[in-house]
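Participant: Below are the C-alpha cells for one structure; questions will follow.
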Amino acid sequence: MAEWGSLGKVFIGIGLCVALVGLLLLMADRVSGVGHLLGWFGKLPGDISIRRENFSFSFPLATSLLLSIIFSLVFYCITWIFRR
C-alpha cells in the first residue's frame, strides 16, 4: 500500500507544477516585462513556421525538444527525491 502513497505524492507534485506554469502564462499577458521573457516560446531556430496568404502552419520542433529535456530533468529530480 505504500507505493500508492508515493504515486499520489508524484501526482500532487505534477499538478502543482502544471498549476504554476498556468499561472505564469496568465501573468505573461497582464504584467509588463513577463511576456517578454516568454517571447522565445515557439520561435527557436529549429521551429518550423510556414505562413501563406490564407494558411499558416507552425510546428515547434526545437521548443518541443527543449521542453522535453526540461520536463525529463524535473521528473528525474522528483523521483530522486521520493526514492530517498
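Participant: For n ≥ 4 DSSP H runs only, could you compute -39500 (n - 2.57) per run for the chain, divide by its residues and tell me the 222 nm figure to the nearest 500?
Facilitator: Rounded to the nearest 500, it is -22500 deg cm²/dmol.
Participant: Give the angle, between 0 and 90 degrees and rounded to the nearest 10, that separates the Cα long axis of helix 2-30 from the longest principal axis of the Cα atoms of the chain.
Facilitator: Once rounded, one gets 30 degrees.
Participant: Hey, what angle do you get for helix 61-83 against the long axis of the chain, alpha-carbon based, 0 to 90 degrees rounded to 10?
Facilitator: Tilt relative to the chain: about 10 degrees.
Participant: With +1 on each Lys and Arg Cβ and -1 on each Asp and Glu Cβ, how big is the dipole of the chain about its Cα centre, in debye rounded to the nearest 20?
Facilitator: That gives the chain a dipole magnitude of about 140 debye.
Participant: Here is a further query. Using Cα-Cα distances under 8 Å and only pairs 6 or more residues apart, what relative contact order does region 2-83 have, in percent?
Facilitator: Computed over region 2-83, the figure is 20 percent.
Participant: Continuing with the same structure: Given the options Leu61, Ile50, Phe71, identify the residue whose Cα lies farthest towards the positive end of the charge dipole of the chain (+1 on Cβ of Lys, Arg; -1 on Cβ of Asp, Glu).
Facilitator: Phe71
Participant: Let me ask something else about it. Arrange Val21, Val10 by Cβ neighbour counts within 10 Å, fewest through most, would you?
Facilitator: With the sparsest Cβ surroundings first, the list reads Val21, Val10.
Participant: Packing-wise, with mean Cβ within 10 Å as the measure, how do 67-73, 48-54 rank, highest first?
Facilitator: The peptides rank, most packed first, as 67-73, 48-54.
Participant: With the Cα gyration tensor of region 29-84 giving a ≥ b ≥ c as the square roots of its eigenvalues, does the rule (a/c under 1.5 for rounded; else a/b larger than b/c for prolate; else oblate) give rounded, prolate or oblate?
Facilitator: oblate
A short reminder: the numbers here are calculations on the coordinates, not readings from a lab. Predicted model only: the values in this text are computed from it and were never measured. Note that we place each Cβ from the backbone using ideal geometry, even for glycine, and neighbour counts take in every protein chain shown.
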